[in-house]
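Working notes, structure below.
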Amino acid sequence: MKTVDMLGQPCPIPVINAKKALREAKVGDVVAVLVDNDIARQNLEKMAAGLGHQAASTKTDKGHFQVTITLGEGKPRTAEAPGGLVVAVGSEMMGRGRDDSLSLTLMKAFVHSLTELDTPPEYLLFYNGGAFLTAEGSACLPDLEAISARGTVVSTCGACLNFYGLTEKLKVGAVTNM
């Protein structure tokens with residue numbers, strides 16, 4: 001049994017690292033993931049079920065969770081259309097709340113999670129404020145470059161780049177029209 005210690009790691013890092021460990025395992029192998037919150041436990045169980053694996057969790061004496069995943073045949077369930085997944089991003093933030101720094105962090109985590117998909121999106125389309133994510137200074141550039149290198153077509157709305165004065169600052173992908 002391989003153990004992956006994700007104590008103290010924020011979402012979605014426990015799921016991402018658990019998936020990496022599962023990729024290295026064989027059918028019947030067991031991967032135990034240690035997490036310190038119930039949301040991470042739930043996300044790990046959903047991920048395992050979605051990939052066709054068995055998952056069980058126990059609470060440790062320190063109040064943490066151990067999620068034990070037994071590798072099955074790995075028949076992932078997917079909602080992707082036959083033509084591939086298209087992701088459209090219209091803001092540099094994911095949601096709005098009392099503190100925009102959380103919304104920026106959530107978007108960065110979302111973009112990073114796209115790089116960890118077994119089958120990456122076929123297209124990423126950035127428009128309106130989402131154009132900032134493909135431009136100079138974006139914290140998402142390394143992840144967008146990585147996903148582009150895997151074959152995802154990254155496109156940013158030209159009118160949006162012009163509006164925000166970002167045309168010369170585009171760093172990943174190509175300009176498109178709406």
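The values are calculated or read from the model by the stated rules, or taken from the named source; none is laboratory data. Keep in mind that this is a model prediction, so the values were computed, not measured. Neighbour counts are summed over all protein chains in view; Cβ atoms, including those assigned to glycine, are modelled from backbone coordinates with ideal geometry. Side chains included, ligands, DNA and RNA excluded: accessible areas come from the protein's heavy atoms. Shrake-Rupley method; radii C 1.70, N 1.55, O 1.52, S 1.80 Å.
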Subject >> Helical segments meeting 20 Å axial Cα length and Kyte-Doolittle 0.0 threshold in the chain (DSSP H) >> reply: 100-115
Original post:
Taking H as built 1.01 Å from N, whose amide H comes closer than 5 Å to the amide H of Ala135, not counting residues under 5 places away?
Top reply: Lys171
Subject >> Ala174 paired with Arg23, simple spin-label distance in nm, labels 7 Å along Cα-to-beta-carbon >> reply: 2.7 nm
Original post:
Given the C-alpha centroids of the stretch 10-39 and the stretch 82-152, what is the distance between them in whole angstrom?
Top reply: 23 Å
**OP:** Would you mind calculating the gained length between Val86 and Glu122 on full extension (0.36 nm times residue separation, minus the Cα-Cα distance), in nm to one decimal?
**Re:** 12.4 nm
Original post:
Based on the mean of other beta carbon atoms within 10 Å per residue, what is the order of 86-93, 122-129, 158-165, most packed first?
Top reply: 122-129, 86-93, 158-165
Subject >> Spin-label model distance (nm) - Asn162 vs Ala139, 7 Å beyond Cα toward Cβ >> reply: 3.1 nm
Original post:
Once you charge only the Cβ atoms, +1 for Lys and Arg and -1 for Asp and Glu, what is the size of the charge dipole of the chain about its Cα centre, to the nearest 20 debye?
Top reply: 260 debye
Original post:
Relative contact order, percent, of the stretch 1-77 when contacts are C-alpha pairs under 8 Å separated by at least 6 residues?
Top reply: 33 percent
Original post:
What accessible area per residue comes out for the stretch 99-152, rounded to a whole number of Å², with a 1.4 Å probe?
Top reply: 46 Å²
**OP:** Compute the signed sum of charges (Lys and Arg +1, Asp and Glu -1) over the other residues within less than 13 Å, Cβ to Cβ, of Ile39.
**Re:** -1
Subject >> Dipole magnitude of the stretch 1-49, debye to nearest 20 (Cβ charges: Lys/Arg +1, Asp/Glu -1, about Cα centre) >> reply: 220 debye
Original post:
Over the chain, what relative contact order in percent results from Cα pairs under 8 Å that are six or more residues apart?
Top reply: 15 percent
Original post:
Out of every Cα-Cα pair in the chain, what percent are more than 19 Å apart?
Top reply: 62 percent
Original post:
Rounded if a/c is under 1.5, else prolate if a/b beats b/c, else oblate: with a ≥ b ≥ c from the C-alpha gyration tensor eigenvalues square-rooted, which is the stretch 98-158?
Top reply: oblate
**OP:** Rounded to whole Hz and in sequence order, give me ³J(HN,Hα) for the stretch 130-136 from the Karplus expression 6.51 cos²θ - 1.76 cosθ + 1.60, θ = phi - 60°, writing x for Gly and Pro.
**Re:** x, 4, 4, 6, 9, 9, 3
Subject >> Cut-off 10 Å between beta-carbons: net charge of the residues surrounding Leu161, Lys and Arg +1, Asp and Glu -1 >> reply: 0
Original post:
Residues with beta-carbon under 14 Å from that of Leu102, excluding Leu102: net charge, scoring Lys, Arg +1 and Asp, Glu -1?
Top reply: 0
